[in-house]
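*Asks:* Please see the structure below; I have some questions.
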Amino acid sequence: MPLIYRAASLVEAQLVVDELKAGGMQAHVTGSYLSGAIGELPPSDVIGVWLDESQHRDRARALIDDFEAARRHPEKDWCCAGCQEWVGGAFGACWQCGQARPVD
(Lines give C-alpha, C1' and ligand atoms only; values in the text may rest on other atoms or scores of the structure.)
Protein backbone atom coordinates (compact mmCIF):
# COMPACT_ATOMS: atom_id res chain seq x y z
CA MET A 1 0.00 0.00 0.00
CA PRO A 2 2.11 2.95 -1.22
CA LEU A 3 1.66 6.62 -0.37
CA ILE A 4 0.73 8.12 -3.74
CA TYR A 5 -0.09 11.75 -2.88
CA ARG A 6 0.52 14.32 -0.14
CA ALA A 7 -2.39 16.73 0.02
CA ALA A 8 -2.66 20.36 1.09
CA SER A 9 -6.15 19.77 2.55
CA LEU A 10 -8.66 17.03 3.28
CA VAL A 11 -10.78 18.28 0.38
CA GLU A 12 -7.88 17.98 -2.05
CA ALA A 13 -7.10 14.49 -0.76
CA GLN A 14 -10.70 13.38 -1.26
CA LEU A 15 -10.74 14.79 -4.79
CA VAL A 16 -7.66 12.70 -5.60
CA VAL A 17 -9.28 9.58 -4.09
CA ASP A 18 -12.39 10.24 -6.19
CA GLU A 19 -10.28 10.58 -9.37
CA LEU A 20 -8.51 7.30 -8.60
CA LYS A 21 -11.80 5.52 -7.90
CA ALA A 22 -13.20 6.85 -11.20
CA GLY A 23 -10.12 5.27 -12.80
CA GLY A 24 -10.93 1.89 -11.22
CA MET A 25 -8.45 2.05 -8.35
CA GLN A 26 -9.04 1.94 -4.63
CA ALA A 27 -7.36 4.49 -2.37
CA HIS A 28 -7.97 6.09 0.98
CA VAL A 29 -7.10 9.25 2.91
CA THR A 30 -4.99 9.14 6.05
CA GLY A 31 -4.27 11.86 8.54
CA SER A 32 -7.77 13.28 8.84
CA TYR A 33 -7.63 12.57 12.58
CA LEU A 34 -4.50 14.75 12.73
CA SER A 35 -6.13 17.79 11.15
CA GLY A 36 -5.83 19.60 14.48
CA ALA A 37 -2.06 19.48 14.07
CA ILE A 38 -2.23 21.53 10.87
CA GLY A 39 -0.62 24.83 11.67
CA GLU A 40 2.00 23.16 13.79
CA LEU A 41 2.81 20.81 10.91
CA PRO A 42 2.46 21.43 7.17
CA PRO A 43 -0.73 19.81 5.79
CA SER A 44 1.31 17.72 3.36
CA ASP A 45 3.08 16.13 6.34
CA VAL A 46 -0.27 15.16 7.83
CA ILE A 47 -2.69 14.32 5.00
CA GLY A 48 -1.90 11.56 2.52
CA VAL A 49 -3.58 9.42 -0.10
CA TRP A 50 -2.62 5.78 -0.07
CA LEU A 51 -3.17 3.46 -3.01
CA ASP A 52 -4.60 0.09 -1.95
CA GLU A 53 -2.82 -1.93 -4.66
CA SER A 54 0.77 -1.05 -5.55
CA GLN A 55 0.59 -2.57 -9.05
CA HIS A 56 -1.53 0.46 -10.08
CA ARG A 57 1.13 2.98 -9.04
CA ASP A 58 2.10 4.16 -12.55
CA ARG A 59 -1.50 4.51 -13.72
CA ALA A 60 -2.45 6.29 -10.48
CA ARG A 61 0.45 8.70 -10.86
CA ALA A 62 -0.65 9.50 -14.43
CA LEU A 63 -4.22 10.22 -13.26
CA ILE A 64 -2.92 12.45 -10.47
CA ASP A 65 -0.68 14.32 -12.92
CA ASP A 66 -3.72 14.93 -15.16
CA PHE A 67 -5.76 16.06 -12.13
CA GLU A 68 -3.07 18.55 -11.11
CA ALA A 69 -2.70 19.86 -14.67
CA ALA A 70 -6.47 20.42 -14.94
CA ARG A 71 -6.41 22.39 -11.69
CA ARG A 72 -3.60 24.62 -12.98
CA HIS A 73 -5.43 25.27 -16.27
CA PRO A 74 -9.17 25.18 -15.62
CA GLU A 75 -11.59 24.91 -18.53
CA LYS A 76 -13.29 28.10 -19.66
CA ASP A 77 -17.03 28.65 -19.37
CA TRP A 78 -18.91 27.65 -22.50
CA CYS A 79 -22.19 28.44 -24.21
CA CYS A 80 -24.57 25.53 -24.80
CA ALA A 81 -25.44 25.12 -28.47
CA GLY A 82 -28.82 23.65 -27.53
CA CYS A 83 -30.28 26.34 -25.25
CA GLN A 84 -27.69 29.16 -25.25
CA GLU A 85 -27.15 28.83 -21.48
CA TRP A 86 -23.69 29.76 -20.18
CA VAL A 87 -22.19 26.80 -18.34
CA GLY A 88 -19.25 26.72 -15.93
CA GLY A 89 -16.04 25.31 -17.33
CA ALA A 90 -15.94 22.44 -14.86
CA PHE A 91 -19.17 20.96 -16.24
CA GLY A 92 -19.24 18.46 -19.07
CA ALA A 93 -22.94 18.91 -19.79
CA CYS A 94 -25.39 21.81 -19.75
CA TRP A 95 -27.29 22.08 -16.48
CA GLN A 96 -30.26 23.62 -18.32
CA CYS A 97 -30.89 21.06 -21.07
CA GLY A 98 -28.32 18.30 -20.52
CA GLN A 99 -26.52 18.68 -23.86
CA ALA A 100 -22.89 17.51 -23.73
CA ARG A 101 -20.07 20.03 -23.81
CA PRO A 102 -18.81 20.51 -27.37
CA VAL A 103 -15.47 18.95 -28.20
CA ASP A 104 -12.91 21.55 -29.23
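The values are calculated or read from the model by the stated rules, or taken from the named source; none is laboratory data. If you're wondering where the values come from, they're calculated on a predicted model, not measured in any experiment. Positions of Cβ are generated from backbone atoms using ideal geometry, with glycine treated the same way; all protein chains shown enter the neighbour counts. Note: areas computed on protein heavy atoms with side chains; ligands, DNA, RNA excluded. Shrake-Rupley method; radii C 1.70, N 1.55, O 1.52, S 1.80 Å.
*Asks:* Run the lone-cysteine check on the chain: no other Cys C-beta under 4.7 Å from the residue's C-beta.
*Replies:* CYS79
*Asks:* What do you get for the angle between helix 57-72 and the principal long axis of the chain? Use alpha-carbon atoms, 0 to 90 degrees, nearest ten.
*Replies:* 60
*Asks:* Can you give the local net charge around GLN26? Use residues other than it whose beta-carbon is closer than 9 angstrom to its beta-carbon, Lys and Arg +1, Asp and Glu -1. Can you show the working numbers first?
*Replies:* Values: positive: LYS21; negative: ASP52, GLU53.
Net local charge, GLN26 excluded: -1.
*Asks:* Roughly how many Å² is the accessible area per residue of the range 60-104, as a whole number, for a 1.4 Å probe?
*Replies:* 73
*Asks:* May I pose another question? For P(r) over Cα pairs in 10 Å bins from 0, in percent, several values are listed as (1) 17, 49, 25, 8, 1; (2) 15, 34, 27, 18, 6, 0; (3) 11, 20, 11, 11, 20, 19, 6, 1; flag the one computed from this structure.
*Replies:* (2)
*Asks:* Relative to the longest principal axis of the chain, what angle (0 to 90°, nearest 10) does the C-alpha long axis of helix 10-22 take?
*Replies:* With rounding to tens, the tilt is 70 degrees.
*Asks:* Within the accessible area of the chain, what % is carbon and sulfur when the probe is 1.4 Å and the other protein chains stay in place?
*Replies:* Solvent-exposed carbon and sulfur of the chain make up 53 percent of the total.
*Asks:* Based on the Cβ-Cβ distance of HIS73 and LYS21, what FRET efficiency does E = 1/(1 + (r/R0)^6) give at R0 = 25 Å, to the nearest 0.05? Please list the in-between numbers first.
*Replies:* On the way: r = 23 Å, r/R0 = 0.93.
For HIS73 and LYS21, the calculated efficiency is 0.60.
*Asks:* How long is the gain from SER54 to GLU85 if the chain were fully straight, where each residue apart is worth 0.36 nm and the alpha carbon distance is subtracted?
*Replies:* Value of the extension gain: 6.8 nm.
*Asks:* Okay, next question. Going highest first, how would you order 71-78, 52-59 by mean Cβ packing within 10 Å? It would help to have the intermediate numbers written out before the result.
*Replies:* On the way: 71-78: 10.1, 52-59: 12.2.
Put in order of decreasing packing, that is 52-59, 71-78.
*Asks:* Ordered by packing density, taken as the mean number of other Cβ atoms within 10 Å over each peptide's residues, highest first, how do 27-33, 12-18 rank?
*Replies:* The densest-packed peptide leads the list: 12-18, 27-33.
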